[in-house]
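One structure is given here, and the rest of the page talks about it.
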Amino acid sequence: MLFDVRLPIGLLFLGIGVLVTGAGLMGDPAVFRAHSAGLNIDVAWGLVMGGFGVIMLLLAGLAKRKAPPADGES
């Protein structure tokens with residue numbers, strides 16, 4: 001049985017995405033207006049990382065469903 005690396009990668013990116021998004025939401029809006037053209041980069045990249053993590057978890061779940069049973073398992 002091979003190890004599906006999509007599960008830990010999905011959990012890692014989902015967790016980091018939640019943390020980065022939370023840090024962005026708690027940050028000072030004046031800093032974003034002054035330094036990044038009004039765009040809260042932490043929230044944007046946190047959502048991108050969280051979305052990637054969700055996609056990896058979905059792909060891992062789909063692969064687990066399609067996997068045939070190993071020898072000796074019923």
Mind pulling the angle between the C-alpha long axis of helix 41-66 and the longest principal axis of the chain? Nearest 10 degrees, somewhere in 0 to 90. 10 degrees
Given bins 5 angstrom wide, list per bin the percent of all Cα-Cα distances in the chain, short to long. 3, 17, 18, 14, 12, 10, 8, 6, 5, 3, 2, 1, 0
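Computed from the coordinates by the stated procedures, all read-outs in this text should not be read as laboratory data. In this text the structure is predicted, and so the values were computed from the model without any measurement.
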